[in-house]
2 protein chains.
Amino acid sequence: MRTIFFKNKPVIICAKSIGGPKECAGDIGEFIDVKLKDDMLGEQTFEKAERQILYTAFSECLKSSGKTENDLDAILAGDLLDQIITATFATRNFKTGFLGLYNACATFTESLTLGSVLIDGGYMNNVMCGTSSHFSSAERQYRYPLELGCTRPPQSQWTVTGAGACILSNKGEGPKIVCSTVGRIVDFGVTDANNMGAAMAAAACDTLVTHFKETGLSPSDYDLIISGDLGTLGSRILKDLTWEKGWDIEAQHVDCGEMVYHIDEKDYQGGSGAGCSSMTFCSYFYKRLKEKKFKKILLMATGALLSSVSSQQGESIPGIAHAVSVEC
Amino acid sequence: MRTIFFKNKPVIICAKSIGGPKECAGDIGEFIDVKLKDDMLGEQTFEKAERQILYTAFSECLKSSGKTENDLDAILAGDLLDQIITATFATRNFKTGFLGLYNACATFTESLTLGSVLIDGGYMNNVMCGTSSHFSSAERQYRYPLELGCTRPPQSQWTVTGAGACILSNKGEGPKIVCSTVGRIVDFGVTDANNMGAAMAAAACDTLVTHFKETGLSPSDYDLIISGDLGTLGSRILKDLTWEKGWDIEAQHVDCGEMVYHIDEKDYQGGSGAGCSSMTFCSYFYKRLKEKKFKKILLMATGALLSSVSSQQGESIPGIAHAVSVEC
């Protein structure tokens with residue numbers, strides 16, 4: 001069994017999001033809590049700017065929860081940079097336990113899954129989960145430094161500059177986490193580091209079909225089935241693959257990557273990055289769940305498990321996706 | 001509270017270790033299960049060799065457990081390379097859930113902690129935990145490529161080429177995990193990427209003192225208090241710092257990094273790396289626990305949370321340590 005059911009249903013008592021200028025100008029921009037005018041935040045390097053972004057998400061989230069640092073038992077976080085250095089340095093300012101996670105852009109739902117286990121099992125009372133990404137640091141990390149001015153192919157996505165953080169608690173008001181399906185690594189054989197959507201789609205399909213089989217639910221049981229950052233091309237592949245397995249998710253499926261920008265040619269296939277699903281969930285979806293406009297959603301962040309070394313050594317790009325079921 | 005108590009005490013039903021030629025020639029060499037004669041395992045790159053090492057630990061561990069891949073609910077793993085690419089590609093061969101973790105050389109006890117929570121809470125029945133490192137890939141990742149032939153300063157440590165993997169289960173025979181203290185990030189202000197022991201010692205002290213306070217235990221309740229890879233210098237700092245806080249661990253303390261080689265001048269401060277604590281625990285300590293030569297030990301892997309970018313950007317090196325209490 002890869003699906004975990006939570007008897008006590010951990011509560012997401014608060015969530016905060018932060019986004020860069022491009023993200024705030026996008027379709028969900030009005031829902032983002034902290035709207036940046038400068039994606040460098042006055043810092044000298046992209047990496048330090050990203051760190052400030054995640055730190056801001058954490059501190060705004062903690063502030064709005066009415067809790068103090070001492071109430072938090074742990075922070076579960078990760079990001080795309082080498083050695084998850086953003087999450088580490090953003091957490092360094094807090095006197096709380098730290099559990100560093102990495103499943104690329106699927107890290108946010110990995111953190112919600114493990115955070116829920118810690119809360120639901122009675123091991124902790126409050127944990128904070130969060131992930132971030134930054135367009136400029138991610139380009140340098142995974143593809144080419146921006147200063148080179150490389151052209152981008154049409155199948156590429158635009159890494160979200162932003163972060164989302166939320167606090168899971170054993171009591172309080174808010175949307176609840178019902179169950180979680182842990183993803184496995186699926187390698188679709190894609191070797192193009194610009195074509196992440198295709199690389200992740202098969203893993204997303206595997207998790208989704210496993211979720212339906214193990215829970216007995218069907219797509220129509222959800223108001224929305226939300227993939228993390230498959231983008232336009234990857235989303236189409238997911239829908240095709242899932243349809244081939246006997247499930248039609250056309251009516252329920254949306255993708256954070258497709259939603260986050262007002263997609264035109266310049267955005268290519270839409271947004272991506274570890275901050276894509278967390279920023280979108282902690283802004284638009286969290287607010288809509290609180291308003292009860294959505295009653296039950298499945299959030300499935302998707303990750304492409306490559307490094308620059310694995311790409312250079314000719315490896316294909318395996319994908320992973322973890323799905324978390326949230327209801328209000 | 002940062003200490004988690006396990007009511008059902010997850011059982012470590014099996015553990016397997018693998019080590020390179022230098023590790024097998026060291027003081028615990030005879031206890032290592034798979035003794036490599038060639039640390040490249042016939043591969044063309046250090047990274048691919050490390051991947052084979054972790055994969056071998058996983059498959060040997062699964063084989064010896066008498067369980068099949070289908071019995072495993074998840075693999076919790078991590079390593080030192082960018083985007084934990086070793087753990088990802090070693091896990092790609094298994095059809096099981098994957099939860100990628102990163103807390104540098106503290107990842108092994110992070111995996112035991114989260115694995116125990118999953119088992120103890122009844123969420124999963126069997127999980128495999130493991131970490132690896134490789135001297136040559138780590139040098140290239142964190143310091144200089146070996147081909148440059150840089151000299152090593154006396155405070156440096158030697159990254160272990162090896163891995164350890166174990167299976168935690170809700171039933172069966174073997175040493176049991178009693179409780180776990182989650183570490184927090186402590187920055188001692190060290191900026192020398194060659195002096196990891198000093199960078200991690202303060203975090204180790206913080207976790208250890210928190211463990212004693214929250215459990216009510218004292219050093220003499222343990223046969224051994226085992227730090228991960230502080231090395232000779234770091235171990236001395238840990239003992240000093242802990243003594244200043246009112247606890248004397250001199251009689252119980254050993255360090256995997258100090259044990260793993262027969263330390264002479266060429267080994268500098270001893271071993272380090274995410275594979276240091278996992279290889280040592282899954283070989284020497286696991287066998288001694290099974291023989292009941294040790295009844296109760298505290299394993300505290302220690303991690304230095306740096307990346308090459310954070311070092312180049314002048315950041316200090318924060319440390320973290322997670323402690324896991326194991327009894328037979």
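The values are calculated or read from the model by the stated rules, or taken from the named source; none is laboratory data. Since this is a predicted model, take the numbers as computed values, not measurements. Cβ placement follows ideal geometry from the backbone for every residue including glycine, while neighbour counts extend to all protein chains displayed. Quick note on the areas: whole protein, heavy atoms, side chains included, nothing else; ligands and nucleic acids left out. Shrake-Rupley method; radii C 1.70, N 1.55, O 1.52, S 1.80 Å.
Buried area at the A:B interface is about 4700 square angstrom, summed over both chains, from accessible surfaces computed with a 1.4 angstrom probe. The separation of segment A:15-75 from segment B:219-275, counted between C-alpha centres, amounts to 39 Å. Above 35 Å, the calculated P(r) of chain A contains 12 percent of its Cα-Cα pairs.
Value of Rg to Rh for segment B:114-268, rounded to two decimals, is 1.00; Kirkwood radius and Rg both from alpha-carbon coordinates. With the Cα gyration tensor of segment B:260-312 giving a ≥ b ≥ c as the square roots of its eigenvalues, does the rule (a/c under 1.5 for rounded; else a/b larger than b/c for prolate; else oblate) give rounded, prolate or oblate? The shape class here is oblate.
Please list the non-local residues whose amide H lies under 5 Å from the amide H of residue B:133, H modeled 1.01 Å from N, same-chain partners needing a gap of 5 or more. Result for residue B:133 returns B:162, B:275.
So how far, in whole Å, is the C-alpha centre of segment A:122-172 from the one of segment B:149-173? The two parts, judged by their Cα centres, are 29 Å apart.
If you sort B:191, B:56 by accessible surface, 1.4 Å probe, largest first, the order is B:191, B:56. Note on segment A:76-176: Rg/Rh from Cα positions, Kirkwood definition for Rh, rounded to two decimals, is 1.07. Expressed as a whole percent, the accessible area of segment A:137-205 that falls on carbon and sulfur atoms is 54 (1.4 Å probe). Taking amide H as placed 1.01 Å from N in the peptide plane, residue B:305 has its amide H under 5 Å from the amide H of B:319, B:320, each at least 5 places away in sequence or on another chain. Lys/Arg Cβ at +1, Asp/Glu Cβ at -1, dipole of segment B:233-275 taken about the Cα centre: which of B:247, B:270, B:259 is farthest positive-ward? Ranked along the dipole, the leading option is B:247. Exposure check, 1.4 Å probe, all protein chains in place: residue B:32 carries approximately 0 Å² of accessible surface. Of the solvent-accessible surface of segment A:249-328, computed with a 1.4 Å probe over protein heavy atoms with every protein chain present, carbon and sulfur atoms account for 48 percent.
Only protein heavy atoms count here; under a 1.4 Å probe, residue A:129 has an accessible surface of about 0 Å². Relative to the globular-protein estimate of 2.2 N^0.38 Å, the Cα radius of gyration of segment A:151-201 stands at 1.75.
Once the 1.4 Å probe is applied to the protein heavy atoms, chain B comes out at 33 Å² accessible per residue. The smallest convex shape that holds all Cα atoms of segment A:19-59, its convex hull, gives 61 Å³ per residue. Counting only heavy atoms of the protein chains and using a 1.4 Å probe, residue A:127 has close to 0 Å² of accessible surface.
Across the protein assembly as shown, how large is the tail of the calculated P(r) beyond 41 Å, expressed as a percent of all Cα pairs? Present the calculation step by step, with values, prior to reporting the outcome.
Working: 39753 of 214840 pairs.
So the pairs more than 41 Å apart make up 19 percent of the total in the protein assembly as shown.
Along segment A:116-126 the Karplus relation, 6.51 cos²θ - 1.76 cosθ + 1.60 evaluated at θ = phi - 60°, assigns HN-Hα couplings of 5, 4, 5, 6, 4, x, x, 7, 9, 9, 9 Hz to successive residues, with x for each Gly and Pro. Our analysis of segment A:9-104 gives Rg over Rh at 0.97, with the two radii drawn from alpha carbon positions and Rh computed by the Kirkwood formula.
Take the Cα pairs of segment B:189-278, get the Kirkwood Rh, then feed it into Stokes-Einstein at 25 °C and 0.890 mPa s and tell me D in µm²/s. Here the translational diffusion coefficient equals 184 µm²/s. Distance between the pseudo-spin-label points of residue B:313 and residue A:254 (7 Å out from Cα toward the beta carbon): 3.3 nm.
Under the convention that each Lys and Arg Cβ holds +1 and each Asp and Glu Cβ holds -1, the size of the dipole of the protein assembly as shown around its Cα centre is about 1600 debye. When the protein assembly as shown is described by a simple charge dipole with +1 on each Lys and Arg Cβ and -1 on each Asp and Glu Cβ, the residue from B:196, A:328, A:195 located farthest towards its positive end is A:328. Cross-link partners for residue A:290 among the lysines, with Cα-Cα distance under 17 Å and sequence neighbours closer than 8 places in the same chain left out: A:9, A:16, A:171, A:176.
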